[in-house]
Amino acid sequence: MLRNFGRIATNVCRQHRIAFEVVRTLASTPLNMPSLSPTMSEGTIIRWLKKEGEEVNPGDALCEIQTDKATMTLDTEDEGILAKILMPDNSTDVKVGKLIALLVEKGDDWKNVEVPKTEEKSSSSKSTETKKVETKDKQEKQEKPKSDKQQAEQSHHAIGPAARTLLDQYGIESSKIKGTGPHGVVMKSDVQKYIDSNQLKVKSHSEEKKSTTKQTTSDTPKKQQISESGGRRYHDIEISSIRRAIAKRLTYSKTNIPHQYISITSNVDQILKLRKQMVSDPKATVKVSVNDFIIKAVASALRQVPQMNGIYDDKQGLKLQSSVDVSVAVATDNGLITPIVFNADRLSVQDVNGQVRQLATKAKDGKLKPNEFQGGSFTISNLGMFGIRSFSAVINPPQIGILAIGQNLLKHTGDDLKAENQLTVTLSYDARACDPQSSALFLQAFRSYMENPNMLLSNNKSESILNF
């Protein structure tokens with residue numbers, strides 16, 4: 001009886017221990033890869049700003065994540081201890097929702113935190129699959145003999161620089177020499193030994209021309225093989241997640257959106273004159289630019305022609321926006337990003353200048369917040385400062401239009417050849433959501449504001465463009 005009682009007590013203790021282990025495992029707070037933009041499917045963890053064992057409080061920055069839009073910091077809303085980092089620095093292609101770290105409450109034993117079994121199983125299964133693929137590849141490599149091209153490429157790369165020079169001087173094929181260096185690398189001594197044993201002489205320039213002519217006329221595949229192994233040097237540039245996302249979005253835009261293009265030219269003499277007056281004013285606090293007038297003119301035209309101020313959804317169709325939020329393309333080291341000037345139609349030209357400067361600085365420093373570049377109802381891309389006269393831009397989905405701004409050019413027009421500054425812009429619009437009439441009305445309104453800039457100074461009404 002005592003023996004049975006002891007067994008029961010042991011089983012009870014085991015159950016309590018299992019329950020305690022489950023509670024202890026569930027007590028950890030999972031930290032998953034967040035979606036920091038609407039189009040983000042994966043990202044790169046650049047570096048962790050907190051170390052394992054450090055306390056974290058709400059608002060603390062945990063790590064820097066490179067999304068498809070920008071590099072941003074991941075702030076925590078919880079407090080506790082960063083117990084385990086599962087995705088270290090420079091972890092690339094981390095899927096949204098992937099477990100990247102574990103948090104525990106303050107006072108808990110963070111060193112003994114356990115990784116969820118589902119995560120362990122997924123990682124172990126992936127490693128098992130990887131091993132299977134590797135072993136399969138090894139078997140295939142052992143079974144399949146190397147082609148002549150592969151052998152030539154391998155022999156080309158397994159040659160030291162000094163040895164390569166001798167091979168070229170004496171016209172020796174690298175496949176004839178067996179390398180004695182590390183991993184079979186052909187060394188200079190190997191080539192010199194082959195030259196001495198065969199009593200070879202340096203090839204003259206004429207002989208080289210004859211040999212290359214023979215190779216060209218007799219054997220075309222061999223020429224391709226030589227050109228492929230001609231010793232050209234190149235640099236591999238790693239494509240960031242932002243540039244991959246840009247390429248993906250541009251491909252989607254050009255493939256799925258029927259682009260239509262229409263251009264118009266405006267006389268900007270009055271804008272240049274007005275800008276000069278505003279800049280020379282001793283009371284002026286900011287130096288407005290022509291680009292600020294362009295943004296204001298676009299916003300005012302969008303308010304006047306609301307059919308161009310919207311987004312298009314493949315399922316729900318066209319959605320006209322109640323506010324004019326203009327995205328301005330800014331070039332950064334990581335790629336192009338479009339911070340947003342919200343309610344641009346209600347801002348003064350000076351306010352537009354201040355917002356654009358602040359957003360451009362944040363974009364180049366990688367400090368833009370998601371709400372500062374996500375959304376927007378229309379985009380402006382200005383390449384005039386690079387001397388580009390005119391160009392057509394790719395629509396930034398789900399928006400339905402983008403305006404490409406060219407360079408301001410001095411031209412002579414009329415019978416009297418009067419000189420005037422002209423600016424050509426090209427509108428790219430989604431033919432599914434816009435018609436030629438709406439796009440033409442928009443460009444006419446834009447030109448009207450550009451040629452009468454005083455309207456932009458007094459045009460700061462706050463009513464909505466539509467009755468929502």
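Can you list the HN-Hα couplings for the range 168-175, worked out from phi with the Karplus curve (6.51, -1.76, 1.60; θ = phi - 60°), rounded to whole Hz and with x for Gly and Pro?
Running phi through 6.51 cos²θ - 1.76 cosθ + 1.60 with θ = phi - 60° gives 5, 5, 9, x, 9, 7, 5, 5 Hz.
Quick one: 3J(HN,Hα) in Hz for the range 316-322, Karplus 6.51/-1.76/1.60 with θ = phi - 60°, rounded, Gly and Pro as x.
With the stated coefficients, the range 316-322 comes to 9, x, 7, 10, 7, 8, 7 Hz.
Extension gain Asn112-Thr361, at 0.36 nm per residue separation less the Cα-Cα distance, in nm? Write out the running numbers ahead of the final one.
Values: separation 249, 0.36 × 249 = 89.64 nm, distance 4.35 nm.
Extra length from Asn112 to Thr361 when fully extended: 85.3 nm.
Would you kindly state how much longer the chain becomes between Leu457 and Lys319 on full extension, computed as 0.36 nm times their sequence separation minus their alpha carbon distance, in nm to one decimal? Could the numbers behind the result be given before it?
On the way: separation 138, 0.36 × 138 = 49.68 nm, distance 2.94 nm.
Here the segment from Leu457 to Lys319 would lengthen by 46.7 nm.
Throw me the Rg/Rh for the range 28-104, computed over C-alpha atoms with Kirkwood Rh, two decimals. It would help to have the intermediate numbers written out before the result.
Details: Rg = 11.4 Å, Rh = 12.2 Å.
The Rg/Rh ratio comes out at 0.93.
If Lys178, Lys276 are ordered by their accessible area, calculated over protein heavy atoms with a 1.4 Å probe, which sequence runs from highest to lowest? Working shown, then result.
On the way: Lys178 170, Lys276 150 Å².
Most to least solvent-accessible, the answer reads Lys178, Lys276.
For a 31 Å ceiling on Cα separation, which of these pairs sit above it: Lys111/Lys369; Lys50/Lys315; Lys276/Lys364; Lys315/Lys367; Lys287/Lys364; Lys367/Lys411? Could the numbers behind the result be given before it?
Details: Lys111/Lys369 33 Å; Lys50/Lys315 42 Å; Lys276/Lys364 28 Å; Lys315/Lys367 33 Å; Lys287/Lys364 21 Å; Lys367/Lys411 41 Å.
With Cα atoms farther than 31 Å apart: Lys111/Lys369; Lys50/Lys315; Lys315/Lys367; Lys367/Lys411.
If you look at just the Cα atoms of the range 258-457, how large are its Rg and its Dmax in Å?
Using the Cα atoms of the range 258-457, the pair Rg, Dmax is 16.6, 55 Å.
If amide hydrogens are placed 1.01 Å from N in the peptide plane, which non-local residues have theirs closer than 5 Å to the one on Ile159?
Residues meeting the criterion, in which the H sits 1.01 Å from N, are Val186.
Using a 1.4 angstrom probe on heavy atoms only, work out the carbon and sulfur share of the accessible area of the range 258-457 in %.
Details: 4510 of 9420 Å².
C and S atoms contribute 48 percent here.
Provide the per-residue ³J(HN,Hα) series for the range 366-377, in order, calculated from phi with Karplus coefficients 6.51, -1.76, 1.60 and θ = phi - 60°, each as a whole number of Hz, with x at glycine and proline positions.
So the J values, rounded to whole Hz, are x, 10, 5, 8, x, 6, 8, 9, 8, x, x, 10.
Which of the peptides 164-174, 351-361, 310-320 is most tightly packed, and how do the rest follow, judged by the mean count of other Cβ atoms within 10 Å per residue? If you can, show how the numbers build up before the last one.
Details: 164-174: 15.9, 351-361: 17.9, 310-320: 13.4.
Output ranking for 164-174, 351-361, 310-320: 351-361, 164-174, 310-320.
Please list, in chain and number order, the residues 5+ apart from Asn32 or on another chain whose amide H is under 5 Å from its amide H, with Hs placed from the backbone.
Counting only residues 5 or more places away or on other chains, the set is Ile100.
The values are calculated or read from the model by the stated rules, or taken from the named source; none is laboratory data. Quick caveat, the model's predicted, so the values are computed rather than measured. Methodologically, a virtual Cβ is constructed for each residue, glycine included, from the backbone with ideal geometry; neighbour enumeration extends over all protein chains shown. What goes into the accessible areas is simple: the full protein's heavy atoms, side chains included, and nothing from ligands, DNA or RNA. Shrake-Rupley method; radii C 1.70, N 1.55, O 1.52, S 1.80 Å.
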